[in-house]
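Student: Take a look at the following structure, please.
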Amino acid sequence: MNECCLPILRLTFATVLMGMSTLPIAMAYADEPPCAGTDLSVAQASMVDAKKAIDASIAAIDNPSQSDLSNLATWLGVHSSSDSAIVRDKLVATRTYTDGAVFLCANSTDIGLGDIYAYVRPDNSFVIVLGIFFTQAPPTGFNSKLGTLVHEMSHFVLAGATKDIVYGIDGAKNLAATNPSAARQNADNYEYFVEATVFGLK
């Protein structure tokens, strides 16, 4: 089965603390219903926050402070203007398509797969399926609601076409240090760069 058509899983704090760096790709769920009520309101508000965060991150690349340069190096292995251009292009593409996002809400979670924040099928633009644990994600910090949406939006082929090479803070930092080009293709690295930028994290 084509990998692009399978759900992409998001790690939660619990699985990160357990030291899991990857999760197996799950079998596709049945069609999920559109989000409604409080779930939809939370998703829409989080997308507004995600748009602002992406805009701020693009501005940080255009006029970087020393902290911004440090974040670019730490999370995306950026050490040159050409590296910065690659990152900027992906963020701009991701931002361009945020207005077209459609939210579906998963009505079940396979406990054997761990807690699921959200997933996408990259060729199904721009549907984001929110797991039942999405609303429990924090509004700020790493692995936030807005960061989760940045992560998922970056997967879409017309946006960033990022992959899930590694998961988690430690894995993302190590990837940026040891394989910068791969870090610039990894969704968590973009998420953590955006979160570090807007929330002043290290």
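The values are calculated or read from the model by the stated rules, or taken from the named source; none is laboratory data. Small disclaimer: the values here were computed from a predicted structure and weren't measured. As a convention, Cβ positions derive from the backbone with ideal geometry for all residues, glycine included, and neighbour counts pool all protein chains shown. For the accessible areas, the whole protein counts, side chains as well, though only heavy atoms, and no ligand, DNA or RNA atoms are used. Shrake-Rupley method; radii C 1.70, N 1.55, O 1.52, S 1.80 Å.
Student: Kindly indicate whether any position in the stretch 43-56 is open to solvent by less than 50 Å² (accessible area, probe 1.4 Å), within 23 Å of ASN179 (Cα to Cα) and in contact with a Lys or Arg (Cβ under 9 Å, 6 or more places away or on another chain).
Tutor: Applying the first criterion (open to solvent by less than 50 Å² (accessible area, probe 1.4 Å)) to the stretch 43-56 yields 43, 46-47, 50-51, 53-54, 56.
Still in the running and within 23 Å of ASN179 (Cα to Cα): none.
Scanning the stretch 43-56, I find no residue that is open to solvent by less than 50 Å² (accessible area, probe 1.4 Å), within 23 Å of ASN179 (Cα to Cα) and in contact with a Lys or Arg (Cβ under 9 Å, 6 or more places away or on another chain), so the answer is no.
Student: Can I ask one more? Restrict the check to the stretch 25-37 and report whether at least one residue is modelled with pLDDT of 95 or more and in a helix (DSSP H, G or I).
Tutor: Yes: one or more hits.
Student: Identify the residue in the stretch 45-66 that is in a helix (DSSP H, G or I) and among the hydroxyl-bearing types (Ser, Thr, Tyr) and, among all such residues, is farthest from SER144 (Cα to Cα).
Tutor: The first filter runs over the stretch 45-66 and keeps only residues in a helix (DSSP H, G or I), leaving 45-62, 66.
Subsequent filtering for residues that are among the hydroxyl-bearing types (Ser, Thr, Tyr) retains 46, 57.
Values: SER46: 9, SER57: 16 Å.
Only one residue fits best here, namely SER57.
Student: Within the group ASP164, ASP188, which residue is free of Cβ contacts under 8 Å to residues at least 40 places away in the same chain and either within 9 Å of the chain's Cα centre (by Cα) or open to solvent by 20 Å² or more (accessible area, probe 1.4 Å) (or both)?
Tutor: Working: ASP164 fails: free of Cβ contacts under 8 Å to residues at least 40 places away in the same chain.
The conditions single out ASP188.
Student: Then there is this: Restricting the search to the stretch 99-112, which residues are under 15 Å from LEU130 (Cβ atoms) and either at pLDDT 90 or above or surrounded by fewer than 19 Cβ atoms within 10 Å (Cβ to Cβ) (or both)?
Tutor: Just the residues of the stretch 99-112 that are under 15 Å from LEU130 (Cβ atoms), to begin with: 101-109.
Hits for the stretch 99-112 are ALA101, VAL102, PHE103, LEU104, CYS105, ASN107, SER108, THR109.
Student: Is there a residue in the stretch 176-184 that is within 20 Å of VAL92 (Cβ to Cβ) and under 14 Å from the mean Cα position of the chain (by Cα)?
Tutor: yes
Student: Tell me yes or no: at least one residue of the stretch 126-133 is modelled with pLDDT under 95, buried (at least 21 other Cβ atoms within 10 Å of the Cβ) and either more than 14 Å from the chain's Cα centre (by Cα) or more than 19 Å from THR94 (Cβ to Cβ) (or both).
Tutor: Among the residues of the stretch 126-133, at least one is modelled with pLDDT under 95, buried (at least 21 other Cβ atoms within 10 Å of the Cβ) and either more than 14 Å from the chain's Cα centre (by Cα) or more than 19 Å from THR94 (Cβ to Cβ) (or both), which makes the answer yes.
Student: While we're here: Looking at the stretch 142-154, can you tell me whether even one residue there is modelled with pLDDT of 90 or more and over 20 Å from ALA45 (Cα atoms)? If you could, list the steps in order and put the result at the bottom.
Tutor: Restricting attention to the stretch 142-154, the residues satisfying the condition of being modelled with pLDDT of 90 or more are 142-154.
Checking which are over 20 Å from ALA45 (Cα atoms) leaves us with none.
Looking through the stretch 142-154, none of the residues is modelled with pLDDT of 90 or more and over 20 Å from ALA45 (Cα atoms).
Student: Here's a follow-up. Report, by residue number, each residue of the stretch 169-185 that is touching a helix residue (DSSP H, G or I) at 6+ places or on another chain (Cβ under 6 Å) and surrounded by fewer than 21 Cβ atoms within 10 Å (Cβ to Cβ). Give the steps one after another, and end with the answer.
Tutor: Initial filter on the stretch 169-185 (touching a helix residue (DSSP H, G or I) at 6+ places or on another chain (Cβ under 6 Å)): 172, 175-176, 182-184.
Across the stretch 169-185, the qualifying residue is only ALA182.
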